[in-house]
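Below: one structure, written as structure tokens.
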Amino acid sequence: MSCTVKKTTGTDVAARSLKLMAALVWYVGSVVLFLKAVSLLMEASTMRPGSAWIWFSALGGVFFGVLKAELLFRHSCRLNLNRIDALHRPKFWQFFRPGFFLALACMIFVGTMLSKLAHNSFPLLISVATLDLSIAVALLLSSRVYWQKRAFTKK
């Protein structure tokens, strides 16, 4: 009788854990961007109380977020979950590809700079709020993929 022992290192983790970390990034990003968009819209409303552009910005953010979720983000989630499933010996940092971490850092930096530039400019405030809200909605809606693919259940 032969017994095979799976050799692991201290950095090996279950694929389920990677999927959970990926989903957590998705949800945290959605909440942070939603709160940032609301803050920017509130600042814009102090500059021009009652402006219809604030409502157009919010509606536009939701509309474009739904489109992004359906056309881009859901596909990205599915690809990432499939990639995680294909990993031979998953490591805790592999919940996204290295390029995604670089892109995420760039997006955070650009988003921060855009928000700083937007202060005291009504058009920029509503533009950045629309962008942030659209990404927040896209992240939230596309996160359904994690549940549809039962990413958190043991297999």
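With everything on Cα atoms, drop me the angle between helix 98-118 and the longest principal axis of the chain, reported from 0 to 90° to the nearest 10.
10 degrees
For the stretch 138-155 and the stretch 11-25, compute the distance between their C-alpha centroids and round to whole Å.
12 Å
Using the Cα centre of the stretch 83-155 as origin and beta-carbon charges of +1 (Lys, Arg) and -1 (Asp, Glu), tell me which of PRO98, VAL145, LEU87 is placed farthest towards the positive end of the dipole.
Going by the charge dipole, the pick is LEU87.
Across bins of 5 angstrom width beginning at 0, how are the C-alpha pair distances of the chain distributed, in whole percent?
2, 9, 16, 18, 15, 12, 9, 7, 5, 3, 2, 1, 1, 0, 0, 0
Restricting to lysines 8 or more places apart or on different chains, can you count the pairs in the chain with Cα atoms under 25 Å from each other?
Number of lysine pairs found: 20.
Of the chain, which part is the longest with no chymotrypsin sites (Phe, Trp or Tyr not before Pro) in a loop (DSSP not H, G, I, E, B) and with at most 16 other C-beta atoms within 10 angstrom?
Counting at most 16 other Cβ atoms within 10 Å as exposed, the longest clean stretch of the chain is 1-91.
On a 0 to 90 degree scale, rounded to 10, what angle separates helix 15-47 from the longest Cα axis of the chain?
10 degrees
Leaving out ligands, DNA and RNA, what percent of the accessible area of the chain is carbon and sulfur, probe 1.4 Å?
Details: 7190 of 9950 Å².
In the chain, the share of accessible area belonging to carbon and sulfur is 72 percent.
Quick one: angle between helix 74-86 and the longest Cα principal axis of the chain, in degrees between 0 and 90, rounded to 10, please.
Computed tilt is about 20 degrees.
The values are calculated or read from the model by the stated rules, or taken from the named source; none is laboratory data. Everything numeric in this text was worked out from a predicted model, so none of it was measured. Reconstructed Cβ throughout: ideal geometry from the backbone, glycine too, with neighbour counts over all protein chains shown. We work out accessible area using only protein heavy atoms, side chains counted, and drop any ligands, DNA or RNA first. Shrake-Rupley method; radii C 1.70, N 1.55, O 1.52, S 1.80 Å.
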